[in-house]
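Before any comments, here is the structure.
All of the numbers you see were taken from the coordinates with simple rules; none came from a lab. The structure displayed is predicted, hence computed values, not measured ones. In this analysis, Cβ positions are derived from the backbone assuming ideal geometry, glycine residues included, and neighbour counts consider all displayed protein chains.
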Amino acid sequence: MSFWVIDNIFISTFTICSTALQLCVMSFATIGSISKSIYYRSMVEKNEDGFEYTIKKHKSAKHMRLSVYPTGRVVLTLPYYVPKYAGKKYLEEKKDWVLMHIENYKKKKGNKKELTRTDYLKHREEARKIITERVEYFNQFYNFSYKRISIKDTKTMWGSCSAKGNLNFNYKLLFMTPEHRDYVVVHELCHLKELNHSKCFWDLVRKQVPDMERIKKELRKIDVVLE
Ligand SMILES: [Zn+2]
């Protein structure tokens with residue numbers, strides 16, 4: 001079976017620096033830094049050609065970065081010191097590149113199965129069983145207490161953890177590789193102890209997922225994030 005959440009692993013990104021223009025695979029520093037950047041400053045604007053884009057400033061960004069995601073989402077990341085108008089000018093210069101990638105993703109998407117609510121209802125209990133098993137397995141090591149595990153049909157998140165100790169997971173984890181699924185489970189489980197993305201949090205995750213940096217990198221190429 002081929003589902004869009006698994007297939008869309010390539011993300012096109014333009015990076016500009018003082019010496020060169022290059023097309024590369026997207027590389028955010030950490031998932032945590034995505035959350036921080038959203039917290040810092042982010043707004044959605046519309047280009048004259050009709051595509052919406054998110055413009056955000058990021059303290060640790062060194063260059064302007066333009067990303068087109070498989071869902072058609074366009075994100076322009078600016079370093080702290082670059083004014084918005086310079087970012088807009090850059091976007092204007094690169095708009096053909098953006099439009100080309102949006103079109104390409106649309107074409108690819110046309111061949112893929114879109115998941116519906118019926119798919120969610122059909123797979124929810126199976127997802128609950130597998131995810132609950134993995135939560136219990138990893139919690140043998142952590143021994144945290146949690147309240148409820150909910151399986152949801154969310155568009156933008158693989159999982160989340162509430163301050164009350166409830167764990168929420170996207171049912172589409174069922175279609176991920178076990179390795180990726182386990183990472184999401186461990187990530188949310190560790191938020192029961194550390195409801196942040198601090199060093200202590202990542203140290204906890206690393207205890208059960210030593211290879212987490214590689215997995216995080218792979219997951220970032222799929223347009224659903226962790227909170
Ligand atoms: Zn998190």
Residue order, fewest to most surrounding Cβ atoms within 10 angstrom, among Arg148, Arg134: Arg148, Arg134
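Take the residue pairs Lys106/Lys147; Lys164/Lys207; Lys59/Lys129; Lys59/Lys164 and return only those whose Cα atoms are more than 29 Å apart.
Check vs 29 Å cut-off fails for Lys106/Lys147; Lys59/Lys129; Lys59/Lys164.
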Cα gyration tensor, the range 140-185 - rounded (a/c under 1.5), prolate or oblate: oblate
For Thr132, Thr177, order by how many other beta-carbon atoms lie within 10 Å, fewest first: Thr177, Thr132
Two-decimal Rg to Rh for the range 98-178 - Kirkwood Rh, Cα set: 1.10
Those GluC sites (Glu not before Pro) in the range 87-139 that DSSP places in a loop and that have at most 13 other beta carbons within 10 Å: Glu114
